[in-house]
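Every read-out reported here was derived from the displayed coordinates using simple, explicitly stated rules and does not represent laboratory data. This one's a predicted model, so the numbers in the text were calculated from it and none came from an experiment. With ideal geometry, Cβ positions are generated from the backbone for all residues, glycine too; neighbour counts draw on all protein chains shown.
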Amino acid sequence: MSLERVDSLCTERICLAGPMRRRTAATAGALTAFLLAGCTTAAPPPAPQAPLTAPPAPAGPTSPATRTATTAPAVTWQVGARPLPLRPDGFGEVLPTPPELVNRSLPTRDLLPPPSGTTYAAKIAEVPADVLQRSTWQSACPVAAKDLRYVTLSFWGFDRRPHTGELLVRQDAADAVVKAFGELYAQQFPIEEMRITAPSELDAPPTGDGNDTSAFVCRPVRGQKNWSAHAYGLAVDVNPFCNPYTKGDLVLPELATSYVDRADVRPGMITAGGPVVRAFTNVGWQWGGNWTSPVDRMHFTANGT
Ligand SMILES: [Zn+2]
């Protein structure tokens, strides 16, 4: 579910924005996720693709699915629908990438109205109460709500259409994020989805197939007590599935094993010296793909962690 479209993993040192959650309170977490899923999505089964705050887009004359019927990639995979068997460490089993996702190109569901034109549009605003409420922010987080900003910006989907994404970032990082994603937009770099991580995602059973691009997530570094850079609103994970985190035999998302092969460059992948690394480097951010262990290819950080 969108709930499960998880992922914003992170690193051992840092964290995953979404699915990388710690799996310690598995039972309670699964229960919570189950209950939340039941409350937030009335659509098809575990309705993994349903956005948290908006109902599934009906197939109407103006829906993206109808609009792009002849050009949009077909929906061949329901994200978040298949919980994985768990490893002893609480992550899902690392499995071969399903054929449908080896060259991943899923259409974007519009959570927010898409831009009317093709010009890059971005807005930085204080975080609306309803947005804060559906985020993972709480008073114990290391950043005050007043210091976060709600950023909405244009991005190109794998469906070759512009969409509007949403991110929460710390105030002093907002301009850099807008600028970096502006460069990606100019390059028409494809991004599958960009929405705020919901609390339920932190404890949902792993499905290993999320690909949400996200920033702020209030969680500690996995297995540690210190906060992740995401918990400060100072990190962004870009297309997690196309740019997996690896450490030892762990791959996150767990089904993204095909994308560990970086020689087979496919759309949405971040390459050394490529447009995504260049865009974030230009605003002074660092890339986790340069690390040696873990290698966190999806991760860009303003504070180096
Ligand atoms: Zn990250």
Amide H of G92 versus every other amide H placed in the peptide plane: which residues, excluding those fewer than 5 positions away on the same chain, fall under 5 Å? R87
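Which of the three applies to the stretch 143-231, rounded, prolate or oblate, going by the alpha-carbon gyration tensor with a ≥ b ≥ c and a/c under 1.5 meaning rounded?
Values: a/c = 2.32, a/b = 1.31, b/c = 1.77.
Oblate is the answer for the stretch 143-231, as a/c is 1.5 or above yet b/c matches or exceeds a/b.
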Where nothing but the Cβ of Lys and Arg (+1) and of Asp and Glu (-1) is charged, how large is the charge dipole of the stretch 150-210 around its Cα centre, in debye to the nearest 20? 240
Burial ranking of peptide ranges 121-127, 283-289 (average Cβ count within 10 Å, highest at the top): 283-289, 121-127
For M194, residues with placed amide H under 5 Å, excluding near neighbours: E166, T213
Just how large is the dipole of the stretch 101-255 about the Cα centre, in debye to the nearest 20, putting +1 at every Lys and Arg Cβ and -1 at every Asp and Glu Cβ? 200
How many angstrom lie between the Cα centre of the stretch 119-179 and the Cα centre of the stretch 237-305? 21
Residue (of V283, A256, Y245) at the positive-pole extreme of the stretch 214-305, dipole from beta-carbon charges: V283
Calculated FRET efficiency, D175 and A145, Cβ-Cβ r, R0 22 Å, to nearest 0.05? 0.70
Would you kindly state how much longer the chain becomes between A121 and D264 on full extension, computed as 0.36 nm times their sequence separation minus their alpha carbon distance, in nm to one decimal? 48.3 nm
Work out from phi, with θ = phi - 60° and the Karplus expression 6.51 cos²θ - 1.76 cosθ + 1.60, the ³J(HN,Hα) of each residue of the stretch 153-161, listed in order in whole Hz, and give x for Gly and Pro. 8, 7, 8, 8, x, 5, 8, 6, 10
Computed magnitude of the charge dipole of the stretch 173-295 (debye, nearest 20; Cβ of K, R +1, Cβ of D, E -1): 400
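Rank-order 259-270, 189-200 by packing density, defined as the average count of other C-beta atoms within 10 Å over each peptide's residues, highest first. Mind showing how you got there, number by number?
Values: 259-270: 15.6, 189-200: 24.7.
Ranked from most to least packed, the peptides come out as 189-200, 259-270.
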